[in-house]
1. Can you tell which of B:Lys167, B:Lys153 is away from ligand 1 (no atom under 15 Å from the Cβ), within 14 Å of another protein chain (Cβ to nearest Cβ) and open to solvent by 20 Å² or more (accessible area, probe 1.4 Å)?
2. Which of the residues spanning region B:10-28 are open to solvent by 50 Å² or more (accessible area, probe 1.4 Å) and within 13 Å of ligand 2 (Cβ to nearest atom)?
3. Need at least 2 residues that are closer than 22 Å to B:Tyr222 by Cα and either open to solvent by 40 Å² or more (accessible area, probe 1.4 Å) or among the small types (Gly, Ala, Ser) (or both) per element, so show me which strands (runs of 3 or more DSSP E) inside region B:252-356 make the cut, counting only ones lying wholly within it.
4. Within region A:118-127, is even one residue in contact (Cβ under 8 Å) with a residue 40 or more places away in the chain and within 14 Å of chain B (Cβ to nearest Cβ)?
5. Which of (1) within 14 Å of another protein chain (Cβ to nearest Cβ); (2) in a helix (DSSP H, G or I); (3) surrounded by 23 or more Cβ atoms within 10 Å (Cβ to Cβ) is the odd one out, the single condition B:Ile188 does not satisfy?
6. Could you go through region B:169-185 and let me know if any residue there is in contact with a Ser or Thr (Cβ under 8 Å, 6 or more places away or on another chain), under 30 Å from B:Ala273 (Cα atoms) and in the same structural domain as B:Pro55 (by TED's automatic domain parsing).
7. Return a yes/no flag: does region A:135-158 have any residue that is of a type in the set (Ser, Thr, Tyr) and within 14 Å of chain B (Cβ to nearest Cβ).
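The values are calculated or read from the model by the stated rules, or taken from the named source; none is laboratory data. These numbers were taken from a predicted model, which means no experiment stands behind them. A quick note on method: Cβ atoms are made from the backbone with ideal geometry, for glycine too, and the neighbour counts reach across all protein chains shown. Only protein heavy atoms, including side chains, enter the accessible area calculation; ligands, DNA and RNA are left aside. Shrake-Rupley method; radii C 1.70, N 1.55, O 1.52, S 1.80 Å.
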Amino acid sequence: MKQSKIGAWIAFIIGALYFIVPLIGTFEFSLRMKRGEYSFEAYRVVLTDPNFLASFGYSVLMALITVIMGAVLVVPTAYWIQLRLPKLRPIVEFITLLPLVMPAIIIVFGYLRLYNSSSWLPLTANARSTDLLLSFSYVTLALPYMYRAVETGMRSIDVRTLTEAGEILGASMMTILFKVIFPNVRVAILSGAFLTFAIVIGEFTMASLLNRPAFGPYLQLIGANRAYEPSALAVIAFLVTWACMGIINVVGNLKSNKRPA
Amino acid sequence: MAFLEISDVRKQFQQNVVVKGFNLGIERGEFVSLLGPSGCGKTTVLRMVAGFESPSAGRILIDGKDVTPLRPNQRNVGMVFQAYALFPNMTVADNVAFGLKVAKRSPSEIKSRVEEMLAMIKLPHLASRYPYQCSGGQQQRVALARALAHKPKVLLLDEPLSALDAKIRVSLREDIRALQRSLGITTIFVTHDQEEALSMSDRVVVMNEGRVDQVGAPFEIYNDPATRFVANFVGTLSVLKGKVLDAKAGRIQVGKSEIIASRKIINHNVGDACSVALRPEAAVLENGHDLGSGRNRLGGTIDEVSFLGSVVRIRVKIDDDAISLDTFNNPSAIPPQRGAPVVVSFTPHDVLVLDGETKH
Ligand SMILES: Nc1ncnc2c1ncn2[C@@H]1O[C@H](COP(=O)(O)OP(=O)(O)OP(=O)(O)O)[C@@H](O)[C@H]1O
Ligand SMILES: [Mg+2]
């Protein structure tokens, strides 16, 4: 008992060090903008840069849209497959894995060919529709993570029997989906959302090639031209991402009562 | 016409006919069990009544209305599942309220109905608990309350007790029956446990390979099994090989002895092989004391003695066959020893004659 606890602690400490040491190093470096003293000068510069706020805000918004679209797409799909079309599961699994094996750059070139301003559906013709295209592409990128998380969540509850229990009590499919299925896979959706968020916030290829003012291209720009600010940005991005996730978690918990996750 | 009418229902999955020519009428307020071995189609029949499967042929009527084309959520029936199937994200009270909320009842009505239901299942103190905080027996009670809250016309239960341990199973089955009686709700109870079916039901439907073999009161099913399958499936039965000597008079030869059966021997001619069956409570050991004339007697040796508590079950070997018989435990008398020669006696009335010869 004691022995295994010590082992667990050692593993935990090693893991924590692996994770924290580079973070501390980055943080320490970011404080050294002024010669000979520690200061938050780099942070001041970054935070007062209007491009930072704009690009970060843009990416957060895109991430939220992606999470919502992903959940609305994936949850009913996974539900229906589990319930009525279990034979399709391998096919859908294969499709959701495609974005992992296909580099983003290939996907985005495909988009540009399909949706350029002289195509049948000129999505890249103006900024708003390009945003739409970008969020679709983010949904694609996040698909493997979102689908897997939700699928696992669905398997942990007896979807079929719960659906039947709802049906026999007079509920429609929609009611069952929103009152029974969604709340029970909420934790799974959140973990999918977490990964989606992390991917979208730092995504570079798609945003850059679609020429949208996202955080990824901004990071790249700063990183290529400055010394201390990129470290400050990394720390900020890290903190904000975690704060966002914390908020999502709290909100998620408030909405569906006090059920422990 | 009965309150719930299942007429000529057939169900086929691909090439596999699972339920065939199923007919059953259930009166209002009646408690009927579907009893049969695993895979005989009990659940399939229940699911067709619920609307989860649609019959390949035939009709199902509830209260005079043909519900065959209706979806489960349009049928107004309640169902209790083997695995409870409570909604894990809702409290006990919310689970019970679900059907009422879906039916858009007023909040005050929902509140009072939920309280009423929780009082009925004797769990008012669990209202704000989540299912995972309740024991299996409590969860199944909640599932029962949930199924009944919106006052369905029919209650369906699919092996609701089989996931519970023996003690709770017995107490819950009494509670279910009491509740069913007080509400007067028409109920179909699916089980493969004959004791459950016999002890709870107004009528038992014994199913075999997708067909109804016999429908009757528990007493009838047990004492007058219509088919050999029913006789074998319901209760314990000892089967002996015999040969018909006189079908009219009920004379049958068993080994070197002759016995009399008071029931009619149908479909048998003189000289035909037949099977003679006995319930364990019908046979007694005549160790020394004569129980009077007019009884059948067979000599054999004690093969095995199992002490079951209040009952001692004794197996007596008679030629190649064996008779099991139950005696009450008698603390002042030691059970007989293995290998001891004994005489087994039983009345002609207790003899069941089944078709053909047993294979054993
Ligand atoms: N959806 C289905 N598709 C194909 N075959 C099925 C389906 N549902 C049931 N069956 C078959 O129908 C037969 C009867 O099944 P059913 O579940 O009604 O039996 P049961 O009497 O309830 O058995 P148990 O006591 O084991 O629950 C079985 O052979 C089963 O394999
Ligand atoms: Mg079954």
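1. Details: B:Lys167 fails: within 14 Å of another protein chain (Cβ to nearest Cβ).
After ruling out the rest, the residue left standing is B:Lys153.
2. Of everything in region B:10-28, nothing turns out to be open to solvent by 50 Å² or more (accessible area, probe 1.4 Å) and within 13 Å of ligand 2 (Cβ to nearest atom).
3. Details: elements: B:257-260, B:273-278, B:296-307, B:311-318, B:321-328, B:341-346, B:352-354.
Where strands (runs of 3 or more DSSP E) fall fully within region B:252-356 and carry at least 2 residues being closer than 22 Å to B:Tyr222 by Cα and either open to solvent by 40 Å² or more (accessible area, probe 1.4 Å) or among the small types (Gly, Ala, Ser) (or both), they are B:273-278, B:311-318, B:321-328.
4. There is no residue in region A:118-127 that is in contact (Cβ under 8 Å) with a residue 40 or more places away in the chain and within 14 Å of chain B (Cβ to nearest Cβ).
5. All conditions pass for B:Ile188, except number (2).
6. No, that holds for no residue.
7. There is at least one residue in region A:135-158 that is of a type in the set (Ser, Thr, Tyr) and within 14 Å of chain B (Cβ to nearest Cβ).
For every residue, the table says whether it meets (1) assigned to a helix (DSSP H, G or I); (2) more than 9 Å from chain A (Cβ to nearest Cβ).
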{"site": "B:Leu70", "(1), (2)": "no, yes"}
{"site": "B:Ala85", "(1), (2)": "no, no"}
{"site": "B:Met90", "(1), (2)": "no, no"}
{"site": "B:Ala93", "(1), (2)": "yes, yes"}
{"site": "B:Ala97", "(1), (2)": "yes, yes"}
{"site": "B:Ile110", "(1), (2)": "yes, yes"}
{"site": "B:Val114", "(1), (2)": "yes, yes"}
